[in-house]
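The values are calculated or read from the model by the stated rules, or taken from the named source; none is laboratory data. A quick note: this is a predicted structure, and the numbers were derived from the prediction, not measured. Using ideal geometry, Cβ is built from the backbone for each residue, glycine included, and neighbour counts are taken over all protein chains shown. In case anyone asks, the SASA skips ligands and DNA or RNA and just uses the protein heavy atoms, side chains included. Shrake-Rupley method; radii C 1.70, N 1.55, O 1.52, S 1.80 Å.
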Amino acid sequence: MTTTDKPGQSAGETTAAEEAAAAMKASEAGGAEFGEDTGTSRQFISWVTLALMTTASVASLRPSPAMAIYGLAAVFLYLLPAVVFLLPTALVGAELASGWTGGIYRWVSEALGKPLGFVAVWCQFAMTIAYYPSLLAYVASTFAYVVHPSLAEDGLYVAIVIVVIYWTGVWITSRGTKTVAGLSSLGLVIGTLVPGVVLVALGIVFLGQGNEPAAPMTTDHLLPPWTGLASLVLIVNNFLSYAGMEMNGVHVSSLRHPRAEYPRSIFLATGLVLLIFIVPALAISWVMPSEELSLTAGLMQAFQAFFDHFHVGWMTKVVGIMLVMAALGGMLTWLAGPAKGLVTLARQEGYLPPFLQRFNKHGVPLNIMIAQGVITTLIGVLYAFSDDVSSAYWMFSVITVQIYLIAYLLMFVAVVRLRRTQPHVERGFVVPAVTLVAGVGFVASVCALCIGFVPPDQFGDAPLWRYLLIVGGGLLVIGVAAPVAFLKLRKPEWVHPDHQGAHAVN
């Protein structure tokens, strides 16, 4: 869920394991749990600071080309999921995080039982299996503009980049390097803020010179043209763009007056996130005709078009390196985080075979990362046989969203059930009209999940059965069949010896 280019996440965002630790630390330090300021020595942050932290963890330039295809209608396509998904997840996440430590596993387990809690935390981990190939395809296409732009749509080149960079990342992460966090934080400025400002500034100057935008900017283009469900399918990508907003709810205890300040923080963060997403997408649409726009290389296409127009084409390579640095820094941050959270939980509850529970001497869950890497490699190799890199990128992005949405569906159900079954638990923030808010988020997530099975207009002439097989198969195998199989095969001896007496296998 970069800056990183996330699964919705970035360098500033907490992983599942870090989320639990942060929440527990805040709870212990707070004296009065997650209530108002009690005058203790607890350290506080302002609601503006929290808004900036949230913005840093969600905003990214990577989704811009997908929305630039729609021109001015991109505004609507960003606003709609912001209202029906971004705000509900942020508000619900704040209530759950301020009442229960331990992240989504604890939330869903308390409400719906441990097996579904495992499914939720599994999906947070498993979505990275489909996410890394799509992220690294973006990296490959971006770096192609540093080497040779024609490589951006070369499947073999993209496959080689995915495999080489992923395993290099595993090697770096396995050594427990302390530079990873620094690389990712630097990526926020170098790979998102600076290129974003440059892109928008170039676009404004471009229009100011009297050039006609490639996409019409008149009011009758505020809504996307309706050609059936396929015309709205790219909106699904925005659910992935907004994913991870709820994780910043762990910081609600650091506000002096969370009930009043957290909503302000969320609305400010939402405005900033929308600004970062929408304006660069519009800038791309000003210079790049939609029919020529690549979903993986569209950002670099726009930079190249602008730089060529202003006769500074050499800057394209510089920006390409900056964007690649940001994406790789984010990948390194995220590579071990979800896996470590899952393995830590599996050792306590016996959800995974002992082989997959092992940490190396640096505290990195290397075995499960290698198992994940084998699947990532197989997916990456598929790019070598793809005639359309953009379509392959889109399919794996959809699988990522759909797997992640399973966790969100469980989270929306959990908050409503916990309000009824555990009303006595003190919450630092309480969602007003929780059934309505969670209901809107739940319905929106179901709709996004279903729409994901409809190929976009840009999918071309590829057979529908292949799209459905890859997207549906990926969701069922990775998001459903895998966690069910682990639960069915689970054995008492899978519980790590350090937790044998404390946890019984359900």
Report task. With a/c under 1.5 counting as rounded, go ahead and sort segment 38-127 into rounded, prolate or oblate using the C-alpha gyration tensor (a ≥ b ≥ c being the square roots of the eigenvalues; past the cut-off, prolate if a/b is larger than b/c, else oblate). Result -> oblate
**Report entry** Label-point gap, in nm, between Val443 and Val147 - each point 7 angstrom along Cα→Cβ
**Finding:** 4.9 nm
Report task. Using a 1.4 angstrom probe on the protein heavy atoms only, line up Thr168, Thr101, Thr376 by accessible area, largest first. Result -> Thr168, Thr101, Thr376
Report task. Round to a whole angstrom and tell me the spacing of the C-alpha centers of segment 254-281 and segment 422-459. Result -> 18 Å
Query - segment 353-449 shape via C-alpha gyration tensor axes, a/c threshold 1.5 - result: oblate
Query raised in the report: Classify segment 67-220: rounded, prolate or oblate, from the alpha-carbon gyration tensor (a ≥ b ≥ c, eigenvalue square roots; a/c under 1.5 rounded; otherwise prolate if a/b is larger than b/c)?
Result: oblate
Report summary line: Here, trypsin sites (Lys or Arg not before Pro) of segment 243-324 satisfying both criteria (DSSP loop; at most 16 other Cβ within 10 Å) are Arg256
Query raised in the report: If you place +1 on the Cβ of every Lys and Arg, -1 on the Cβ of every Asp and Glu, and leave all else neutral, what size is the dipole of segment 60-495 about its Cα centre, to the nearest 20 Debye?
Result: 1980 debye
Report summary line: If each part is reduced to its alpha-carbon centroid, segment 348-411 and segment 310-334 end up apart, in Å, by 25 Å
Query raised in the report: Averaged per residue, what accessible surface does segment 60-495 expose to a 1.4 Å probe, in Å²?
Result: 37 Å²
Query raised in the report: Applying the Karplus parametrisation 6.51 cos²θ - 1.76 cosθ + 1.60 with θ = phi - 60° to the phi angles of segment 107-119, what ³J(HN,Hα) value in whole Hz is obtained for each residue in order, glycine and proline being reported as x?
Result: 4, 6, 4, 4, 8, 10, x, 5, x, 6, x, 5, 4
Query - Translational diffusion coefficient (Stokes-Einstein; Kirkwood radius from C-alpha pairs) of segment 60-495 at 25 °C, 0.890 mPa s, in µm²/s - result: 109 µm²/s
Query raised in the report: If you take the beta carbon distance between Ala201 and Phe44 as r and set R0 to 30 Å, what does 1/(1 + (r/R0)^6) give as a FRET efficiency, to the nearest 0.05?
Result: 0.25
Query - Solvent-accessible surface (1.4 angstrom probe) belonging to Met217, in square angstrom, nearest 10 - result: 60 Å²
**Report entry** Bins of 10 Å, starting at 0 and running to the largest distance - Cα pair percent for segment 286-398
**Finding:** 12, 27, 28, 19, 11, 3, 0
